[in-house]
Amino acid sequence: MSDSPKALFLFDIDGTLVQSVSVDDDLYRSALHHVLGPVRFRDAFAEYDFVSDSGILWQVLIDNDLQDLPDPTSAIILKFVDSLQEHISKDGAFREVPGARKLVASLQSSPDHYVAIATGGWSASATLKLESAGFDLNDITLSASDEKCDRTDIMRAALDQPETEYQSITYYGDGPWDRDACVSLGWDFIPVGRALGGLESYLDLGVV
């Protein structure tokens, strides 16, 4: 194994590794409605200050004057994960973004690279979607919004050891909030998906 610093590659999930954005958004909203009742959402998730499952929930509670309720997070996660499982049972497993598994596997097997996942989702739903799409999560750090709602905090938490020196840090994401977080952190950003005019397939990348 090389003694030189590794290059760190981090990935978002929905729209970046897994083709799950529309289903995830719909079932997330449905889970909040199921637990909280007919709450009002802002017109787009991008209008929230913290675009993560926990951050949006927190601001939905404030927008709807429900912040004094007992914490509904556990009940919402349970409903959300159950809904995702029902979707998989009915419609089949989530699909990877073309070539995503091959890219992640190549990085995992390389002594010169380190791979991690930093998602705005909750860890239970994130793990379910990744495993459904066939990703091997052994030895991959997964940072989610269970404890943090700010995207930059979630991304920092994905670092294996905060004091570790990395040759470079590159994040793959599909949302403007991913891009903005990378600008704030000073990390390289690779856009994925049509919304940002980014990659739509990893098949042509080969081993990074």
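Before moving on, here are some points about what is shown:
- Filtering the stretch 45-64 to residues that are among the charged types (D, E, K, R) and without any contact (Cβ under 8 Å) to a residue 12 or more places away in the chain leaves Glu47, Asp49.
- Selected residue [modelled with pLDDT of 95 or more, hydrophobic (A, V, I, L, M, F, W, C), surrounded by 16 or more Cβ atoms within 10 Å (Cβ to Cβ) and touching a His at 6+ places or on another chain (Cβ under 9 Å)] from Leu27, Leu36: Leu27
Yes/no per residue for (1) assigned to a helix (DSSP H, G or I); (2) more than 17 Å from Gly120 (Cα to Cα):
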site: Thr16; (1), (2): no, no
site: Asp24; (1), (2): yes, no
site: Leu27; (1), (2): yes, no
site: Ala46; (1), (2): yes, no
site: Phe50; (1), (2): no, no
site: Val60; (1), (2): yes, no
site: Asp82; (1), (2): yes, yes
site: Gln85; (1), (2): yes, yes
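- Looking across the stretch 181-205, the residues that are over 16 Å from Gly15 (Cβ atoms) and touching a residue at least 12 places away in the same chain (Cβ under 8 Å) come down to Ser184, Leu185, Trp187, Asp188, Leu203, Asp204, Leu205.
- Among the residues of the stretch 108-136, those that are farther than 18 Å from Met155 by Cβ and of a type in the set (A, V, I, L, M, F, W, C) comprise Ala124, Leu128, Ala133, Phe135.
Yes/no matrix, rows are residues, columns are (1) among the hydroxyl-bearing types (Ser, Thr, Tyr); (2) surrounded by 16 or more Cβ atoms within 10 Å (Cβ to Cβ); (3) at pLDDT 95 or above:
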site	(1), (2), (3)
Ala44	no, no, no
Ser52	yes, yes, yes
Leu61	no, yes, yes
Asp65	no, no, yes
Pro72	no, yes, yes
Lys79	no, yes, yes
Glu86	no, no, yes
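The values are calculated or read from the model by the stated rules, or taken from the named source; none is laboratory data. Predicted model, so just to flag it, every value in this text is computed and none were measured. Don't worry about glycine lacking a Cβ; one is built from the backbone with ideal geometry, like all the others, and counts go over all protein chains shown.
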